[in-house]
Amino acid sequence: MTRLVVGVGGRAGVSVEEVCALVEETLRGAGLATGAVAALATVESKTGEPGIAGAAKRFGVPLVGYPAEQLARIPVPHPSATVRDASGTASVAEAAALAGGGELLVPKRRSVAATCAVAGTEEHDLRHHGDAEVADAGGALVDLAVNVRSDTPPQWLKERIAACLGDLAAYPDGRAARAAVAARHGLPVERVLLTAGAAEAFVLIARALGAVRPVVVHPQFTEPEAALRDAGHRVERVLLRAEDGFRLDPAAVPEEADLVVVGNPTNPTSVLHPAGVLAELARPGRILVVDEAFMDAVPGEREALAGRMDVPGLVVLRSLTKTWGLAGLRIGYVLAEPEVIAKLAGAQPLWPVSTPALVAAEACVSPAALAEAEDAARRIAVDREHLLAGLAEFEEVRVSGVAEGPFVLVQVPGAAEVRTRLRALGFAVRRGDTFPGLDATWLRLAVRDRATTGRLLQALDHALALAAR
């Protein structure tokens, strides 16, 4: 389903009737339904204009205001020097329509005192995750869709978890696991909260921190935005571009955002943002959420912010489910200022983390486990280079950005058909079109051992040949 955003500009005193008439005529002329309009958008200085605010109310949609400096950075097809001098941006209507992402469907249209433009974005299934690609397959597919490390959990961890099953009659006591996590990062325990995986942490953040203007940097794991929307928030998106290697420019994030969510390394792009760049996003009055669920798959955990206490408003999320194969156990944690931890803890139910998960948390942050995780990260880096070298042999396949995580994002013409062909050949890969900022030409591939990668590359060669017929 296409979501429409109508960018609107207008002179002082423009009437509701003129704005509505121009918008309706523009939509009708393009064959677009008014019911598909999700928002009107304009420059912040115009949000108080009665004609524009009244038009949004009449259409029954929110009015989104963007700072002039943000709109000025957005390329528009019909710039105007007069408009730039008056408002700070070369086209209020076109830039405001494009500010939330998507493509311009209708360029600037004018009436006597108003302008409008229409941009459209495809709605994304934010609840689609990699496990859906292998559901009901009965183990018949080689799983390249889920980012959990293969051949996990290790035997020693299974035995450690099994040994606690005799304690299930007692209520969980998280003190030892919390202290172990705190020691692992050199933090006081007041800065640690244990959660039922990172997914619970996103729900707590959405419900407990009182964000007014949350921003999510995409493409990234979709659960943070889904949790914010479920909590009633209107979420703004900052879309990183493939042509920029999905690198983050801190200036693209609205200054007024009071909660910003970004992944590092980012799922699904596999881009590792410099810690210094992410720290530039911090400022007084803002919560900066950095999802480091895959950081332990990066050798040396370079660019990690976990353990930092000098970045104001920093909230770091970690997951133990990926590296250790504990997706079914649900264990992760949050690192943040004590005041933030207290708010998040206050939104948790009683005993949110089970005894086996607490045992696993304590075990997975031990020195021996950290050394094992580091060895695994180095093997993943070698296996990833083997995968990338193989992908480079295909003219049809494009890798955008520098992959640093345990997965690779690729762009392939006819990706949906290629994915179906790969499935028929025994391989499940992750579709990319459910991530905001990506379309149906993208696929995500988990990094596996060289033998599995070799079989994948042979299957991909076959799938591409069949898709080209």
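The values are calculated or read from the model by the stated rules, or taken from the named source; none is laboratory data. Keep in mind that what you see is a predicted model, and the values were worked out from it rather than measured. Methodologically, a virtual Cβ is constructed for each residue, glycine included, from the backbone with ideal geometry; neighbour enumeration extends over all protein chains shown. Surface areas here come from the heavy atoms of the whole protein model, side chains and all, with no ligands, DNA or RNA. Shrake-Rupley method; radii C 1.70, N 1.55, O 1.52, S 1.80 Å.
Side notes on the structure shown:
- Among 27-34, 194-201, 246-253, 183-190, the peptide with the highest mean count of other Cβ atoms within 10 Å heads the list, and the full ranking is 194-201, 246-253, 183-190, 27-34.
- Peptides 271-280, 293-302, 91-100, ordered by how many other C-beta atoms sit within 10 Å of their residues on average, highest first, read 91-100, 293-302, 271-280.
- For the chain, the solvent-accessible area of protein heavy atoms averages 42 Å² per residue (probe radius 1.4 Å; ligands and nucleic acids excluded).
- Under 18 Å from the Cα of residue 343 - aspartates and glutamates, other chains or at least 8 residues apart: 190, 200, 258
- Between the labelled values [x] 157; [y] 132; [z] 218, the entry that holds volume of the Cα convex hull per residue in Å³ as derived from this structure is [x].
- Over region 379-430, relative contact order from alpha-carbon pairs under 8 Å, at least 6 apart, %: 26 percent
- Surface share of carbon and sulfur [accessible, 1.4 angstrom probe, percent] for the chain: 53 percent
- Counting only DSSP beta bridges whose two residues both lie in the chain, roughly 55 percent are antiparallel.
- For the peptides 347-357, 166-176, residues were scored by their other Cβ atoms within 10 Å and the scores averaged per peptide; the highest-first order is 347-357, 166-176.
- 3J(HN,Hα) couplings calculated from phi for region 191-197 with the Karplus curve 6.51 cos²θ - 1.76 cosθ + 1.60 (θ = phi - 60°) are, in sequence order, 9, 10, 10, 8, 9, 7, x Hz; Gly and Pro show x.
- Taking Cα atoms only, the orientation of helix 338-347 departs from the longest principal axis of the chain by about 90 degrees.
- Pairs of Cα atoms nearer than 8 Å and 6+ residues apart set the relative contact order; for region 119-271 it is 20 percent.
- The amide H of residue 66, built 1.01 Å from its N in the peptide plane, has 42, 43, 44 as neighbours under 5 Å, considering only residues 5 or more places off or on other chains.
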